[in-house]
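Readers should treat all values here as calculations from the given coordinates under stated rules, not as data from a laboratory. Note that this is a predicted model, so its numbers are computed, not measured. Counting neighbours? That spans all protein chains shown, and the Cβs are built from the backbone with ideal geometry, glycine included.
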Amino acid sequence: MNVFYPNDTWDLTVHRGVALGFFDGVHRGHQDLIRTLVYLCEQRHLRPTVFTFPEHPLVTISPEGQFPGYLSTLEQRMQRIADTGIQEVFLQDFTTAFAALPPLEFLNSILKDHLQARLIVVGNDYRFGYEGEGDLVLLRAWAAEHQIEVVIVPEVRLYGEKVSSSRIRRLIAAGDTQIAASCLGLPFQMTGHVVEGKKLGRKLGFPTANMAISPDLAVPAFGVYVTRTRVGNRMYESITNIGIRPTIQDSAPKPNIESFLFDADLDLYSQEITVEFLYRLRPEVIFDSLLELAEQVEIDLLQARDYHRTAEHGYEITRINGTPVRVLKTTRFAQATAILTFRLKITRAEASLFSMLSRLLTASCQRYPTRSSLSAALDSLYGASIENEVSKDGDLLSLHFAVNALMNWTNQTSPFAAALDVLFDLLEKPDFDQDGHFTEAMFAAERDGLRMELLSRQNDKAKFALDQCMNRLCGDQPAGLRASGDLVTLETIQREDLTAAYRRLITDLDFQVSIAGNLSNDLIEHLFERVRQLRTNTPVLPEAHEAYRPVYLLRPGAFSAQALDNKNLRESKQVEQARICLALTGLKPYFSHQSIIDTVMNSMLGGDVHSLLFDVVREQMGLAYSVYSVNSRYLSTLLVIAGVAPDRVDEALAAILEQVNNLKTGTFSPRLFERAVTLVESTIRTIPDDLDSLLAHMMNGVTLGRTVSIHDSLSLLESVTIEQIIERAGHLNVQNSYILTAKGETL
């Protein structure tokens with residue numbers, strides 16, 4: 001991402017989409033706004049750009065007032081904006097002259113002439129120009145006159161209130177860093193260099209890293225916090241005191257931050273560290289003696305350790321040769337799980353290639369050259385399992401390799417640690433022949449297996465009909481390709497192709513590691529070493545020419561449904577049961593916090609047994625053997641799938657469309673909405689019941705580009721209203737329908 005100032009030279013020939021705002025903290029509302037811009041710019045072939053200010057406008061407008069402090073430094077703000085996919089930021093100094101700029105002059109001279117804006121994205125409370133005279137009415141009228149598109153992004157509400165920078169500052173000032181983190185989308189951070197302190201912590205048995213408080217940042221309420229502290233690219237569990245240490249009797253006390261890092265023996269003087277505030281244990285208090293202080297500190301340390309063990313907050317603990325490693329600690333489960341994920345943008349050739357490669361890599365290795373020997377090894381680890389899965393999120397192909405086993409056995413061994421080694425052996429040391437390729441026998445066996453899988457799907461008429469509908473929805477876009485590949489491409493694959501694909505896998509592809517369970521420090525360090533060995537030959541990325549490089553380079557791309565001359569297609573085959581497949585576009589982009597509305601709407605239409613489609617079309621009218629809807633999140637599409645008698649296709653189709661219209665017009669019982677909310681809530685609440693679900697929830701957050709806790713998800717759900725359902729349903733559009741019916745039926 002490039003950053004420009006008013007006197008810099010930039011390309012005046014490029015058409016841009018522009019997001020407007022200050023974006024302090026780049027909180028959840030800001031993220032929705034900016035990522036909406038990036039998504040729309042990708043669809044419209046515009047350059048996504050943010051126009052903002054290095055300093056908050058209040059600093060200029062009210063210099064006599066005391067600004068309550070920033071939620072992030074300028075450096076942090078720019079990096080977080082870059083992480084959304086923005087390509088350019090224009091930093092305008094908010095001078096008195098700029099503050100006096102009339103609204104229309106701002107629109108004409110800056111947005112139209114200098115930035116060549118063709119799309120403008122703002123929040124629903126955006127104001128601009130002298131004394132905020134410019135509002136959305138003026139912006140829309142001006143934009144319509146100049147053929148510029150304006151998009152207003154709805155606010156995000158959590159825990160009963162709008163997410164805003166001012167609210168987050170109040171939460172931090174009150175010490176409520178948990179809700180502040182929910183609103184920000186990440187824990188509140190303070191960064192600085194470690195300075196020499198009074199070494200009181202060392203005397204009490206826990207040496208602390210002292211950091212001066214920045215005068216520009218918002219400051220949490222004084223007290224003791226459970227924290228995490230980043231040193232370099234490694235995160236450590238920690239406990240932090242912020243305040244003036246009133247027990248120490250300092251003649252001129254100055255607020256400072258002092259953190260104790262658990263299980264770390266580091267020389268931190270002069271190093272830059274970042275402290276993430278997770279939870280406030282207690283306020284700062286005065287103790288009668290150092291002995292009383294020391295006793296309380298011991299209690300604080302125990303409580304902080306317990307929080308880190310049981311809070312079940314997944315986070316990135318380190319990066320090894322560019323590979324992010326995430327941990328989710330929990331004490332509730334006897335087993336542990338790790339998932340190694342490789343990702344790439346999907347193509348037709350690579351879908352079949354990597355689908356087959358994933359099968360080969362979990363079939364054998366040098367240590368276990370046959371499936372039977374591999375199975376025996378896992379059985380000896382008390383039922384440990386290793387599985388592979390190839391999945392697709394929009395145009396993003398993912399290869400997942402998962403291991404699950406008991407963490408500890410009664411003889412003090414760790415079946416999980418041993419099984420984790422087996423998984424790394426499979427990936428690191430495949431069973432190649434003397435020519436350096438997968439053996440002919442294993443190659444043939446796995447290709448036959450994948451061939452049968454693809455043939456089975458092709459012969460399944462329900463899946464065939466769905467595939468045809470998806471082909472019409474996506475056309476030749478990558479998002480329409482199947483993760484498992486296709487038969488034609490599969491037959492062209494040679495062993496040499498798989499060898500080359502394997503080399504790419506372990507050196508070039510995006511690689512991520514996620515692990516969950518009651519994890520010991522020794523196990524985590526061992527995991528680091530295995531990741532380091534696997535990615536030893538990863539090439540060093542060239543220095544980016546941009547000022548800021550996104551932390552995550554791969555995200556699902558924007559999707560636009562294929563335009564069709566004929567939206568309705570019927571075909572006939574030898575089937576006993578006709579199939580109806582509808583693609584309804586109009587959902588929010590996959591990353592939007594408003595997508596919880598789509599989840600509830602899908603439940604109401606056909607996602608659950610209480611739904612309109614099931615209750616009315618199937619049960620009351622008897623028009624379908626099966627009928628349901630699926631939220632295809634990364635395509636912003638609802639898919640409706642029904643199996644009906646061939647002679648009742650038209651009647652069933654009309655009934656399905658009638659239920660869609662009932663959602664649009666609000667012609668449904670409030671009880672339907674209430675049941676949908678209850679079922680969605682139940683689904684969310686059951687996520688922590690299973691370790692694999694917990695880990696998948698964390699990993700999905702990475703793909704979505706936003707992490708939402710279980711409590712945050714429930715809060716988002718609470719904000720959904722019937723009016724929002726009706727409004728969202730109004731955007732549903734039948735992009736195409738595909739009907740597979742029996743031969744001899746009227747077409």
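Of note:
- Placing R0 at 22 angstrom, the Cβ-Cβ distance between Ser372 and Met452 gives a FRET efficiency of 0.60 after rounding to 0.05.
- The chain - percent relative contact order, Cα under 8 Å, separation 6 or more: 12
- Seen from Leu612, the other residues with C-beta closer than 13 Å to its C-beta sum to a net charge of 0, counting Lys and Arg as +1 and Asp and Glu as -1.
- Counting every other Cβ atom within 10 Å of each residue's Cβ, Arg618, Arg503 order from fewest to most as Arg503, Arg618.
- Expected 222 nm ellipticity per residue - DSSP helices of 4 or more, -39500 (n - 2.57), all of the chain, to 500: -11000 deg cm²/dmol
- Extension gain, Ser214 back to Asp93 (0.36 nm per residue minus Cα-Cα distance, nm): 41.4 nm
- Distance (nanometres) between label positions extended 7 Å along Cα→Cβ at Ser62 and Asn700: 4.2
- Leading residue at positive end of dipole, segment 490-626 (Cβ point charges), from Ile596, Ile524, Ala558: Ala558
- Spin-label model distance (nm) - Glu651 vs Ser693, 7 Å beyond Cα toward Cβ: 3.9
- Summed residue charge, Cβ within 13 Å of Phe53's Cβ, Lys/Arg positive, Asp/Glu negative: -2
- Selection among Phe673, Pro102, Tyr130 by position relative to the dipole of the chain gives Phe673 as farthest towards the positive end (Cβ unit charges, Cα centre).
- Rounded if a/c under 1.5, otherwise prolate or oblate - segment 2-155, Cα gyration tensor axes: rounded
- Lys, Arg +1 and Asp, Glu -1 on Cβ, resulting dipole of the chain about Cα centre, debye, nearest 20: 580
- By DSSP, the beta bridges lying fully in the chain are antiparallel in about 75 percent of cases.
- Within the same chain, aspartates and glutamates fewer than 8 places from Lys254 are excluded, and of the rest, those with a Cα less than 18 Å from its Cα are Glu196, Asp216, Glu284.
- Cross-link pairs beyond the 27 Å C-alpha cut-off, checked among Lys392/Lys463; Lys567/Lys664; Lys112/Lys345; Lys463/Lys664; Lys345/Lys664; Lys392/Lys461: Lys112/Lys345; Lys463/Lys664; Lys345/Lys664
- The alpha carbon gyration tensor of segment 568-742 gives principal lengths a ≥ b ≥ c with a/c of 1.5 or higher and a/b greater than b/c, which makes the shape prolate.
- Cα gyration tensor shape for the chain, rounded if a/c is under 1.5, else prolate or oblate: oblate
- If only the Cβ of Lys and Arg carry +1 and only the Cβ of Asp and Glu carry -1, the dipole of segment 568-742 around its Cα centre is close to 380 debye.
- Theoretical FRET efficiency, 1/(1+(r/R0)^6), r = Cβ-Cβ of Arg170 and Glu571, R0 60 Å, to 0.05: 0.50
- Karplus-derived 3J(HN,Hα) values for segment 42-47, using 6.51 cos²θ - 1.76 cosθ + 1.60 with θ = phi - 60°, are 5, 5, 9, 6, 10, 8 Hz; glycine and proline are entered as x.
- The order of Phe333, Phe342, going from fewest to most other C-beta atoms within 10 Å of their C-beta, is Phe333, Phe342.
- Those Cys residues of the chain for which no other cysteine Cβ falls under 4.7 Å: Cys41, Cys183, Cys365, Cys474
- Ranked for footprinting exposure by Cβ neighbours inside 10 Å, fewest first, Val575, Val609 give Val609, Val575.
- Förster-model FRET efficiency, 45 Å R0, Glu131 and Ile710, C-beta, rounded to 0.05: 0.55
- Highest-first arrangement of 166-177, 715-726, where packing means the average Cβ count within 10 Å: 166-177, 715-726
- Computed over neighbours whose Cβ is under 10 Å from that of Pro103, the net charge equals -3, Lys and Arg +1, Asp and Glu -1.
- A straight chain from Tyr307 to Ser385 at 0.36 nm per residue would run longer than the Cα-Cα distance by 25.1 nm.
- Label-zone membership for segment 362-379, site Asn411, 7 angstrom Cα→C-beta point, backbone N under 17 Å: 376-379
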